[in-house]
Amino acid sequence: MTNNILLQLNNISVVYSDVIQVLKGVSLAVKKNHIVSLLGSNGAGKTTTLKAISGLLKPENGKVTEGSIVYDGMSIQNSAPETITRQGIIQVLEGRQPFKYLTIEENLRVGTATRWTRPYKKDIEMVYSYFPALVTRRKALAGYCSGGELQMLVMGRALMAHPRLLLLDEPSLGLAPLVVKEIFRIIKRINKEQETTIILVEQNANMALQIAHYGYVMENGKIVMEGKAKDLKENPDVKEFYLGVGAGGMARSYRDVKSYRRRKRWL
Amino acid sequence: MACKGANMEFFLQLLVNGLSVGLLYGLSALGFVMIFKSSSVLNFAHGELLTIGAFLFLVLVTWARLPIPFAFLITLIGCFTLGFIVERLFLRPLIGESLIYVIMLTVGLASMFKGLLLFVFGGNLHTYPDFLPEGLAIHFGAIYVPPVYVASSIIGIIFLLLFGLFFKYSPQGIYMRSVADNQTASLSLGVHVKKVFALSWAIAALVAGMSGIVLGIINGTNVHEISAIGLKVFPVVILGGLDSIGGAIIGGIIIGLLETFTGGYISPSLRDVIPYIVLVFILLVKPYGLFGLVEIERV
């Protein structure tokens, strides 16, 4: 059972600039070849959790002050991103962040940074097979590509590194519904075909729970709920507060004390 | 008629001199731009890097009496290493600090290097032995291009091509551009950002050292003079655009031409002032420079 787990966060706390505590004891476990989705409202600490794993807290003056992050048997909390990425953990940042002045293909080549001595041509073909929309744009500057193309680009760029654990931060942000569907379909395929374990942070809880195996719900720097994706989807609280389908579809009022209390527990 | 011909020759002579001096400025600005592009640091010690190159070559040629090509190679390797060391010792501890500290540090480095060089070599003019064969000179009618200019142009063009290829196709070149473009994103993909900084300092020092050698061949080496020429990178890069490598070269050539033409037609004493007049003018009308990156905004 335990050796099936690729990544484990044990009760970690994250503090920015030595004073601002963002995570207050987050624990989660990610099984090999699973898609685990991390849900929660804005400011719940989802992105910070991902950054704690990938080591990207450091440049932002953040630090894991308590707890441990164990990846594949090694503890990696507060390691440098250069080290962590070379262990096979790649984060796809929120808001896409392409290299604007590089072409699509050059962007993809940056993804080889963790293993730059080895040939990359085959990997580029592999990325194009997942994202055929990129092929025709291969010579175009990334700065002039559309949002959908860019999301595919940054995911493809991460794939170039052959990640064992892929951290996706809001891949659906600001994309048209059809594109979102396409992206999620591809995430599922990557998970199956490349045997990549994925942690998926999403606002779009509905889509995320459709492709995930397991899910966690975060509020205020804590995990407030976890379970199999199927069960979470059926959970009345998740339904009401995240999927937007309240019982009977009626808006709740604060006078309805029971609902208010339930909501409050989460915030 | 004869007068007109002489005029034309004078013009062409100035043009050729201006182009080769300009190429040199451009090359030396290239190092400056690389540091700025990758780490947003303005390197005020650039002139001193040139001087160090020039004097290292002087030591190797006149004191150690090494054969010229060998001395040239060792100087380049030495400057490259020096760039690495400077980054490691002085710049790296300041990563993450506010940029103004880093820039002040380079001002400090400049004084330190200059002081050390003055301490060792004094403020006098030193010259290299004449080693460039006269056969390298180009006679074109009455136009005479001295061997130094020919050699420096050849070296300049070779280096430009090499850098162009390096940045366009080599993995390290692409990683360097990615860091310049979006540091967080390149960190997330495992680009060794610190190594990229170190490499850009090393390459900058190497190019600066090479420009220093050529300047030394043209005018002789003098600590004050060469480090002052190093300051000319400022008009050059502001003209070309602080973050454009192609702009640095073209800016260099324009400043070189302006200088020689002003010196030739107006007054030699105005020669060294004109780049700064251009600098002020460019800042007024085109603050991004001719080729500076204008932020790509997706609407």
### Message
Which residue, A:G111, B:I35, B:V214, has the largest displacement toward the positive end of the dipole of the protein assembly as shown when charges sit on each Cβ (Lys, Arg +1; Asp, Glu -1)?
### Response
A:G111
### Message
In the range A:45-133, if the dipole is taken from +1 on Lys/Arg beta carbons and -1 on Asp/Glu beta carbons about the Cα centre, which of A:G67, A:Y120, A:Q97 is farthest to the positive end?
### Response
A:Y120
#### Entry: Residues of the range B:133-163 with amide N under 19 Å of a point placed 7 Å along Cα→Cβ from B:M8
B:139-145
### Message
If N is the number of residues in chain A, what value comes out of its Cα radius of gyration divided by 2.2 N^0.38 Å?
### Response
1.03
### Query
What 222 nm value per residue comes from the helices of the protein assembly as shown, counting each DSSP H run with n ≥ 4 as -39,500 (n - 2.57) and dividing by all residues, nearest 500 deg cm²/dmol?
-17000 deg cm²/dmol
### the range B:9-230: projected area of the alpha-carbon convex hull, averaged over directions, in nm²
13.2
### Task
For A:A176 and A:Y16, calculate 0.36 nm times their separation in residues minus their Cα-Cα distance, and state this gained length in nm to one decimal.
54.2 nm
### Query
Which value, to two decimals, describes the C-alpha radius of gyration of the protein assembly as shown once divided by 2.2 N^0.38 Å?
1.20
### Message
Past 21 Å, Cα to Cα: identify those pairs from A:K63/B:K37; A:K100/A:K139; A:K32/A:K122; A:K51/A:K222; A:K100/B:K168; A:K31/A:K239, in the order given.
### Response
A:K63/B:K37; A:K32/A:K122; A:K31/A:K239
### Message
What do you get for the angle between helix B:171-181 and the principal long axis of chain B? Use alpha-carbon atoms, 0 to 90 degrees, nearest ten.
### Response
80
### Query
When the chain is fully extended, how far beyond the present Cα-Cα distance does B:Y101 get from B:V280, taking 0.36 nm per residue of separation?
61.9 nm
### Task
Scan chain B and hand back the longest stretch that contains none of the GluC sites (Glu not before Pro) lying in DSSP loops with at most 11 other Cβ atoms within 10 Å.
B:98-294
### Query
For chain A, what is the charge dipole size about the Cα centre, in debye to the nearest 20, if Lys and Arg each add +1 at the Cβ and Asp and Glu each add -1 at the Cβ?
340
### Query
How crowded by other chains is A:112-120, given as the mean number of beta carbons from other chains within 10 Å of each beta carbon?
4
### Message
Using the Kirkwood formula on the Cα atoms of the range B:74-161, what hydrodynamic radius do you get, in angstrom to one decimal?
### Response
17.0
### Task
For B:L15 and B:F70, calculate 0.36 nm times their separation in residues minus their Cα-Cα distance, and state this gained length in nm to one decimal.
16.6 nm
### Task
Within the range B:187-220, which residues have the backbone N less than 16 Å from the label spot 7 Å out from B:T62 along Cα→beta-carbon, could you tell me?
B:213-220
### Message
Can you give me the distance in nm between label points at B:S170 and A:D72, each placed 7 Å from the Cα along the Cα-to-Cβ direction?
### Response
2.9
### Query
Helix B:193-219: angle to the longest alpha-carbon principal axis of chain B, degrees 0 to 90, nearest 10?
10
### Task
Note down the magnitude of the dipole of the range B:9-230 about its Cα centre, charges +1 on Lys and Arg C-beta and -1 on Asp and Glu C-beta and zero elsewhere, to the nearest 20 debye.
640
### For peptides B:119-132, A:85-98, sequence by mean Cβ density within 10 Å, most packed first
A:85-98, B:119-132
### Message
What does DSSP give for the protein assembly as shown in terms of the percent of beta bridges that are antiparallel, rounded to the nearest 5?
### Response
60
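Values in this text are rule-based calculations from the coordinates and carry no lab data. Being a predicted model, the structure only gives us computed values, none of them experimental. Here the Cβ is made from the backbone with ideal geometry for all residues, glycine too, and neighbour counts use every protein chain on show.
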